[in-house]
Structure formats: structure tokens, C-alpha cells
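Asker: The structure under discussion is supplied below as C-alpha cells; questions concerning it will follow.
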Amino acid sequence: MDVYWIWLSEIKGIGPGTAKRMLDVFKNPENIYQASKVELEEVPGIGRGLSEVIATSRSLDHAERILEQTKRLNIKVLKITDPLYPEEIKDIPESPTLLYYRGNLREYSMGVGIVGSRRCSNYGKEVTKEAAIFLAKNNIPVISGMAKGVDGYAHTACIKAGGYTITFLGNGLDICYPKEHGELMEKIIATGAVISQYPPKTPAKREHFPKRNFLISLWSKKLLVAEAGQKSGALITAKYSQDLQRQVFAAPNSIYQQEGIGTNRLIADGASIYIDPSQLLIEAPSITNACALQQQGSTSYPTSQQAPTSLEQKILTTLKHETCNMDQLFSMLPEDRKTIIEAISIMELEGKVKILPSGIIVPLFSG
């Protein structure tokens, strides 16, 4: 019964990992509710303190009120045992045992995340729109957080292109935050889904947004940071994605633009350089091969790759004689920055070079 799932999710001090360990033993929340303290203490990680917390929380009143609110507001409950809950994230310790949603969840709803600055530039806006439209046309869900700026543009562009989009919120689904996105929220509900870890009546609070950002990463097989300042919340989402071993892309920006400090730093720290929406395809052999090459640290060159272009050969020759990062490479070559970045990005995808976490570019192919 949903009321027991809600009860379990609302116990203070019981996180998803602990809840899953109990579910492994007791099979469902109702059995946990009925279990004695002695039985609870036998679960790995459940000592006398937590068993006491669970025992003193044995009242369904709060959970029943939440359940009544969900029914009245047409909010649905997504349990970890539900077929609509993505199978590949169920075993991740931090994945919630229960979520709330409005709208319609696809049978397979994982997609590509697009996040970035609230105060984005026209450049960030265009990067976002192009990526979201491409994903929509390729039937790949766009995942974001409905914040102002990049998030809002991602959802809007996806919807206008006839795509499917999911947003994760840091508040209850009876509240629209930010208020200005009320119409957008309704459009997302009509064409996709709005999801939250928080029950109705929960206000938006700063401490809620890290969990919201984690859910964006959890549902995103790849993540694009379209634009991000030095302290952008998008960087937290990127960190979660990296921890989950998801590929993170960052759109390169001018070193003189405040809006691009975060994305440029991500690239320097090892994120993939984003130059084309095709990189976001969930199944793309050329990207998969290049990614595997980077992860394995291989120095072999894929047999399907073409010979280097004249600029690529020039870059490879430079790297063969000099150890340098992107900025140093700019100063050594006559071509403009944009041209060099595009060339390096393609070379990285094709396995001709590897960008180390330190930002140093290493040649993997001698020509």
C-alpha cells in the first residue's frame, strides 16, 4: 500500500540506503512497520538507535494526510518497485525509494540532462536550444530542473520541438518554483513529467536543491552543462554525474566571460568539450569508442578513424614536441581559438588526443 511507502520515506534519519537494506529483509514497508525492535536490529546497519526511531515513528497519520493530498492534487506515487522506475538506477544506494510525480512517465524515461546558469547569455541560450531541439527530434528525453535561464530554455525548446521532457523540483509538486514558470510547468505536465522527492506542501528551500540536482544526474545518461558561472548550481549536478560515471559535456566559452568560468573549469578538469548535439546521442558508436578509449587510457588508434587533417597534424606535431594545455596551444598556433577548440574536440572524440584532468593535451596518434 502506498501509505506505508510514504511512511517509510518520511522517517527522519532513514535514508534510501538504509530503507533498501530493510526492504531486502522485510520485502515491503508494511512488514517494516510491523517488525519488532529485535527484528529491526538484526538488519545490517540498523542498531538500537535507528530501531528506536522507527518504533517511535509508528503512526500512519502523517502518511495518510500526504496520500490524501496526492489524490486531491492528482499527484502520483512512484515506488522503487514500480516498472516505471528505471531499472538501471534502482541499485544505486542514494536513489530514493519513493518519488512523487505529475504528468506521464514513459516506460523508459532516462535521457540527457541539460543544465546551466540562471542568468545565461545569448550564447548559453542558443547552445541550450539547439541541443534540446536535437534531442527532441531524436526522441531522447530532456532532463532538467525548471530553473530560470538554461533549464527553462531547455524544457521550452524541447516542448516546442514536440519532444518529451522531465523536470525535477526541490519542493512539493503543488508549488511552482520559480513562480514565473507556472505556464511552463503545466506544459511539462501535459507533455512529460514533473518529479520531486518532496511531498505536497513542501516549500522550495536551498537545502533541497542538492537532492534535486542529484535526481537530474541520476536520470541523465549524459549531461550537458551549457553555461555556468564560478558558483553555479550546475557544477554540483556535474559533480554528481561524474560520481555516477556519466559522461559530462561542457560548452567552451570565452575566458573573459563570467558566465563561462564554470564550464571552462569543467573542461580543464576533464569534462568532454561540447561542440555538436550529435555528441549527446545515447547510442553513438564513434562517441562510445572515443569514450572507451579515454576510460581505458589506451594509446591505440581506432582503425575506423580517418587520417588527420592539416590542422590536426599541426596540433599533433606541436603536442609531440611540447607539453601544453589549451591556452598554451592557442599561443603556439596561428588559427583562431574557435577553430582550434573545434579541432581538439573532434580529435578527442576520434581518439587522436586525450585531455587529462590537469588540462594537459596528450597525443594518442602520431600521424
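Asker: How much area per residue is accessible in the chain when the probe is 1.4 Å and only protein heavy atoms are counted (Å²)? Walk me through the numbers on the way to the answer.
Answerer: Values: 17220 Å² over 367 residues.
With all protein chains present, the chain gives 47 Å² per residue.
Asker: Moving to a separate point now. Students sometimes get this wrong: rank SER254, SER272 by accessible area, probe 1.4 Å, all chains present, largest first. Intermediate results must be reported in sequence, preceding the final value.
Answerer: Numbers: SER254 45, SER272 10 Å².
I get SER254, SER272, largest accessible area first.
Asker: Rounded to the nearest 10 Å², what accessible area does GLU312 show when all protein chains are kept and the probe is 1.4 Å?
Answerer: Accessible surface of GLU312 is approximately 10 Å².
Asker: Assigning unit charges at the beta carbon (Lys, Arg +1; Asp, Glu -1) and nothing else, what dipole magnitude in debye, to the nearest 20, does the chain show about its Cα centre?
Answerer: Numbers: 41 positive and 39 negative charges, 138 e Å.
Computed about the Cα centre, the dipole is about 660 debye.
Asker: Testing the spin-label approximation: label points 7 Å from Cα along Cα→Cβ at LYS211 and ARG106. State their distance in nm.
Answerer: The modelled label-to-label distance comes out at 2.7 nm.
Asker: Quick one: how many Å² of TYR33 are accessible to a 1.4 Å probe, rounded to 10?
Answerer: TYR33 has an accessible surface of roughly 40 Å² with all protein chains in place.
Asker: Given a Förster distance of 45 angstrom, what is the FRET efficiency for LYS231 paired with LYS71, based on the Cβ-Cβ distance and rounded to 0.05?
Answerer: On the way: r = 40 Å, r/R0 = 0.89.
The formula returns an efficiency of 0.65 here.
Asker: Hey, another quick one. State the extension gain, in nm to one decimal, for the chain segment bounded by LYS20 and LYS179, taking 0.36 nm per residue of separation less the distance between their alpha-carbons.
Answerer: Details: separation 159, 0.36 × 159 = 57.24 nm, distance 3.52 nm.
Gain on extension, LYS20 to LYS179, equals 53.7 nm.
Asker: What nm value, rounded to one decimal, do you get for the distance between THR191 and LYS148 when each label is placed 7 Å out toward the C-beta?
Answerer: 2.3 nm
Asker: Tell me the relative contact order for region 58-121 as a rounded percent, counting alpha carbon contacts under 8 Å between residues six or more apart. Each step should come with its number before you reach the end.
Answerer: Details: 37 pairs, mean separation 19.5, N = 64.
The normalised contact order for region 58-121 reaches 30 percent.
Asker: DSSP loop (so not H, G, I, E, B), at most 13 other Cβ within 10 Å: list which chymotrypsin sites (Phe, Trp or Tyr not before Pro) in region 37-122 pass both filters.
Answerer: Values: sites: TYR100, TYR101, TYR108; in loops: TYR108.
Answer in residue order: TYR108.
Asker: List the GluC sites (Glu not before Pro) within region 64-111 that DSSP assigns to loop and that have no more than 14 neighbouring Cβ atoms inside 10 Å. Walk me through the numbers on the way to the answer.
Answerer: Numbers: sites: GLU64, GLU68, GLU87, GLU88, GLU94, GLU107; in loops: GLU94, GLU107.
Answer by residue number: GLU107.
Asker: Let me make sure I get this right: for region 175-223, a, b and c are the square roots of the gyration tensor eigenvalues over alpha carbons, sorted descending. Under 1.5 in a/c it's rounded, otherwise prolate if a/b > b/c, else oblate. Which is it?
Answerer: Values: a/c = 1.89, a/b = 1.11, b/c = 1.71.
Here region 175-223 falls in the oblate category.
Asker: What residue among ASN122, ASN213, ASN253 has the largest mean-square fluctuation in a Gaussian network model of the chain, using Cα springs under 10 Å?
Answerer: ASN122
Asker: Could you tell me what a quarter of the Cα convex hull surface of the chain works out to, in nm² with one decimal place?
Answerer: Numbers: hull surface 78.9 nm².
For the chain, the mean projected area of the Cα convex hull comes to 19.7 nm².
Asker: While we're on this one: On a full-extension model of 0.36 nm per residue, what is the gain between GLU42 and TYR256, subtracting their alpha-carbon distance, rounded to one decimal in nm? Let's see the in-between values first.
Answerer: Numbers: separation 214, 0.36 × 214 = 77.04 nm, distance 5.83 nm.
Once the chain is fully extended between GLU42 and TYR256, it gains 71.2 nm.
Asker: Give the accessible area for ARG65 in Å² (nearest 10); use a 1.4 Å probe, count only protein heavy atoms, and leave out ligands, DNA and RNA.
Answerer: Estimated to the nearest 10 Å², ARG65 gives 140 Å².
Asker: Cα gyration tensor of region 197-236, axes a ≥ b ≥ c as square roots of the eigenvalues: rounded (a/c below 1.5), prolate (a/b > b/c) or oblate? Walk me through the numbers before you get to the answer.
Answerer: Working: a/c = 3.28, a/b = 1.49, b/c = 2.20.
Taking the square roots of the gyration eigenvalues as a ≥ b ≥ c, region 197-236 is oblate.
Asker: Percent of accessible area on the chain owned by carbon and sulfur, 1.4 Å probe?
Answerer: Values: 8640 of 17220 Å².
C and S fraction of accessible area: 50 percent.
Asker: Then there is this: Test of understanding: extend the Cα→C-beta vector of ALA55 to 7 Å, then name every residue of region 18-46 with backbone N under 11 Å from that spot.
Answerer: 36-41, by backbone N distance to the label point.
Asker: Quick check: pseudo-label points 7 Å beyond the Cα along Cα→Cβ at SER310 and LEU356, how many nm apart are they?
Answerer: About 3.2 nm, to one decimal.
Asker: Extension gain ASN31-ASP91, at 0.36 nm per residue separation less the Cα-Cα distance, in nm? Numbers along the way, then the final one.
Answerer: Values: separation 60, 0.36 × 60 = 21.60 nm, distance 2.08 nm.
Working it through step by step, the gained length comes to 19.5 nm.
Asker: How large is the translational diffusion coefficient of region 70-207 in µm² per second when you combine the Kirkwood radius over alpha carbon pairs with Stokes-Einstein at 4 °C and 1.567 mPa s?
Answerer: Working: Rh = 15.2 Å.
Rounded to a whole number, D works out at 85 µm²/s.
Asker: Mean-square fluctuation check for the chain, GNM, Cα pairs under 10 Å: which of ARG265, ARG21, ARG246 is largest?
Answerer: Of ARG265, ARG21, ARG246, the most mobile in the Gaussian network model is ARG21.
Asker: Would you calculate a helix-derived [θ] at 222 nm for the chain, using -39,500 (n - 2.57) for each DSSP H run of n ≥ 4 and dividing by the full residue count, to the nearest 500?
Answerer: Values: 16 runs with 161 residues, N = 367.
Computed ellipticity for the chain at 222 nm equals -13000 deg cm²/dmol.
The values are calculated or read from the model by the stated rules, or taken from the named source; none is laboratory data. Since this is a predicted model, take the numbers as computed values, not measurements. Don't worry about glycine lacking a Cβ; one is built from the backbone with ideal geometry, like all the others, and counts go over all protein chains shown. Surface accessibility is based on the protein's heavy atoms, side chains included, excluding ligands, DNA and RNA. Shrake-Rupley method; radii C 1.70, N 1.55, O 1.52, S 1.80 Å.
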